[in-house]
1. Take the cross-link list Lys118/Lys156; Lys156/Lys211; Lys16/Lys61; Lys61/Lys118 and give me the ones stretching past 24 Å between alpha-carbons.
2. Run the numbers for Ser255 and Lys74: contour at 0.36 nm per residue of separation, minus the present Cα-Cα distance, in nm.
3. Note down the nm distance, to one decimal, between modelled labels 7 Å out along Cα→Cβ at Val191 and at Asn203.
4. Could you line up Thr13, Thr193 from fewest to most neighbouring Cβ atoms inside 10 Å?
5. Using the basic label-point model (7 angstrom from Cα toward the beta carbon), what is the Arg213 to Ala57 distance in nanometres?
6. Once phi is turned into θ = phi - 60°, what whole-Hz ³J(HN,Hα) does the Karplus curve with 6.51, -1.76 and 1.60 give for every residue of region 235-246, x standing for Gly and Pro?
7. Return, ordered by residue number, the residues of region 37-65 whose backbone nitrogen is under 17 Å from a label point located 7 Å along Cα→Cβ of Leu158.
Amino acid sequence: MGSSGKNDSSEMTDLKKMKVLLPHWVVHNQEHNGDYGRWMQKAKLMGMDEVARELQAAVEKINHANEHLASAAKLVLEQGDDVLLAQAVEKKNVVKHSAVEPQAHVPHDDSSMDVTFKTIGVIHTPNKDKAPYQPVEDDSGVFLISLQERFAPALKRLDEFVYIYVLYHIHKAEPNPPMVMTPSWAGGVEVGTFASRSPLRPNPIGLSIVKIRKIEGSIIWTSGLDAFDGTPVLDIKPYIKELDSKSDANYGWVSGLDDYEHLLLHIKGIPHDY
């Protein structure tokens with residue numbers, strides 16, 4: 001193979017690396033921002049307002065940088081390897097025009113799109129290494145959501161609701177989750193991932209319903225949250241009576257388990273003696 005072919009191969013290797021590195025950098029920065037946000041809140045509680053402001057500025061600048069990294073990642077990931085190869089070949093001009101056959105246009109498959117979300121804040125809980133299966137309303141400890149200060153106006157009149165939905169990135173979830181699983185509390189029953197409430201998802205997005213304790217500035221104090229300390233927040237929505245409560249909802253396959261009423265106590269995280 002001539003030197004031109006080697007350069008094409010090298011360029012393709014670099015392009016493939018970019019497809020891995022750029023999304024990794026975005027997630028890596030988000031994880032660090034979770035730490036910075038936690039220490040920013042601690043600085044506030046210690047009365048170190050200037051330190052808190054500097055940490056907040058760092059968080060905002062990293063978020064801004066992440067927007068550019070995410071845009072770069074999207075541009076790279078939107079192109080398949082065949083398109084990248086064609087661009088590399090055309091750039092090096094190593095293939096004659098007569099050897100290239102025209103290809104039919106293939107519509108973009110939306111199901112394979114890569115979607116990037118921006119963190120809007122951080123969840124703070126006492127849960128360092130272990131968290132309940134579901135939120136426990138009277139759980140002990142301090143639970144709060146610290147949003148970026150620029151989102152404080154978005155909280156206007158949210159305190160008029162009792163409950164909220166919290167959507168978050170399950171940043172400690174293992175990659176490549178199974179499609180069929182056996183919940184630890186289900187006595188060996190196998191169910192599909194989408195028929196479970198497991199945190200192991202194709203997209204690691206968590207959803208919790210919690211009670212609002214109080215809102216001050218860009219901070220929401222809540223009832224117990226089933227998330228680890230430092231979990232990145234994606235969105236918050238009000239829980240509305242009747243609209244979000246379906247009277248004909250059931251327990252699905254759970255109601256067919258032996259002693260399912262006992263199992264429900266485990267699922268809900270309710271303390272019990274039997």
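Read-outs: derived from the displayed coordinates by stated rules, not from any lab. If you're wondering where the values come from, they're calculated on a predicted model, not measured in any experiment. Here the Cβ positions follow ideal geometry from the backbone for every residue, glycine too, while neighbour counts run over all protein chains shown.
1. Lys16/Lys61
2. 60.8 nm
3. The modelled label-to-label distance comes out at 2.2 nm.
4. Placing the least packed residue first, the sequence is Thr13, Thr193.
5. 3.1 nm
6. With the stated coefficients, region 235-246 comes to 6, 9, 9, x, 8, 10, 4, 6, 5, 9, 10, 9 Hz.
7. Under cut-off, by backbone N: 37-38, 41.
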